[in-house]
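Right, one structure below, let's go through it.
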Amino acid sequence: MPLFESHFGYRDYRSAMWFVFCSHIYKKNHDVTKTWKGKPEQLLRVDDHDFTMRPAFGGPAIPVGVDVQVESLDSISEVDMDFTMTLYLRHYWKDERLSFPSTTNKSMTFDGRLVKKIWVPDVFFVHSKRSFIHDTTTDNIMLRVFPDGHVLYSMRITVTAMCNMDFSRFPLDTQTCSLELESYAYTDEDLMLYWKNGNESLKTDEKISLSQFLIQKFHTTSRLAFYSSTGWYNRLYINFTLRRHIFFFLLQTYFPATLMVMLSWVSFWIDRRAVPARVSLGITTVLTMSTIITGVNASMPRVSYIKAVDIYLWVSFVFVFLSVLEYAAVNYLTTVQERKERKLRERFSCSCGLPHTTMMLDGNYSESDANSLAGYTRSQTVTEEEKQEKIMVHLAMSNESNSSRKRRLGSHVGQRIMQNTHAIDKYSRLIFPGTYILFNLIYWSVFS
């Protein structure tokens, strides 16, 4: 029996051999990332390096890849001219100071507490108004370090950024907004910011939707930005195009305005002597149009140019206002006509009591003319008194003497309209609707 077996016994010998075999297997499959019992900072040797400087300080620019996943497009504000977006922002770079030994090439994942102790890119959002990192239930930050020093840094951020909007075609407009990313401190000589996979670096959720807009497309671009005091910087752009839904504005703006214009035309069929009805209808439509215009402008920024909706509303307002002016003209001409008729009746009543010698003619009327003016022929037998009365009535109804007959013929149409106020309403029933329909055809063909 061998000395080892005689000294320890056979069972002790088998136990020792099993321990040696297990130790060999443990050393073969050992991964320090899974069995390290110390602090992660000691494994990554955080205290052995100065992480206030970028990787490869003094050498070429460090490349930092970026990709973005848009979680939601929360709101678009026309008044403030901005948008709010929630996204996952991820950075990729290599820092050899964070490399560690590993036989299985498995990474280590950390939360936001380690981020404060190492170097990370100082990316910020250009033209942002507000932004924050979500912190429920903890800071939504993830840091993943690979054995060769490659780093993945991810954050969940909500940002509100400016969007320069053009409302000249509102609400038939299309807006293009951009979210811009840039390094705050490092120029292109120190940090090269780029999209990691080109256009594939931008991912969006298929369920993203907005109440007033149709999201047409997302795409990425990049360019250099220059600051006179600091230099050139790499800038990344997330561009998205929005087309506004028109149905809401058709219901809330265009249809009410059109109905108000059509309602103002009802006054053309109301009798011209019904002053309270036509005046109240005209004032009601004017005030309603003013309310619609005020409501639309209250939800819009105070821009210094004319919008498409302004053109439609103000033209509709002009049509409503012209219908009020039309009745003012009809009422005025009716009053003038009634005044003339009253004067003619007064003159006729006064002339009936005058003797025959006071009836002054212009000397151009013969007896046959007098008979024809009075509505009689020579063969008809009438008294001299009746003949003179009818001549006076005909002369009193004449507006001018024989010397101005040519001028009366030239203005015959205008006098006919003024004497017959019903004609103005009749023409308005055709002119107003026809002109408004023509305006709508031109408007929708230009802006749609």
Dipole magnitude of the range 62-244 about its Cα centre (Cβ charges: Lys, Arg +1; Asp, Glu -1), debye to nearest 20: 300 debye
With r defined as the distance between the Cβ atoms of Y427 and I246 and R0 fixed at 35 Å, what FRET efficiency is calculated, to the nearest 0.05? 0.50
Please compute the length gained on full extension between H134 and N297, using 0.36 nm multiplied by the number of residues separating them and subtracting their Cα-Cα distance. 55.1 nm
Would you mind computing the Rg to Rh ratio of the range 219-277 from its alpha-carbon coordinates, Kirkwood style for Rh? 1.59
Compactness of the range 62-244 as Cα Rg over 2.2 N^0.38 Å, two decimals: 1.13
Extension reserve of the L287-L263 stretch, reckoned as 0.36 nm per residue once the Cα distance is removed: 7.4 nm
Using a 1.4 angstrom probe, figure out how much accessible area the range 63-216 has per residue, in square angstrom, rounded to the nearest whole. 49 Å²
Computed D for the range 54-120, Stokes-Einstein, Kirkwood radius over alpha-carbon pairs, 25 °C, 0.890 mPa s, to the nearest µm² per second, is 156 µm²/s
Taking θ as phi - 60°, what are the ³J(HN,Hα) couplings along the range 154-164 by the Karplus curve (6.51, -1.76, 1.60), each to the nearest whole Hz, with x for Gly and Pro? 10, 9, 10, 10, 10, 10, 10, 10, 6, 9, 6
Cβ-Cβ FRET estimate between V318 and Q212, R0 fixed at 30 Å, reported to 0.05: 0.60
Residue separation times 0.36 nm, minus the C-alpha to C-alpha distance between R339 and Y305: what's the value? 7.3 nm
At q = 0.09, 0.15, 0.19, 0.20 1/Å the base-10 log of I(q)/I(0) from the Debye formula over the alpha-carbon atoms of the range 139-251 is -0.37, -0.89, -1.19, -1.25
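The values are calculated or read from the model by the stated rules, or taken from the named source; none is laboratory data. Model, not experiment: these values are computed from the prediction. Cβ atoms come from the backbone with ideal geometry, glycine included; neighbour counts cover every protein chain shown. The accessibility values were calculated without ligands, DNA or RNA, using every heavy atom of the protein model including side chains. Shrake-Rupley method; radii C 1.70, N 1.55, O 1.52, S 1.80 Å.
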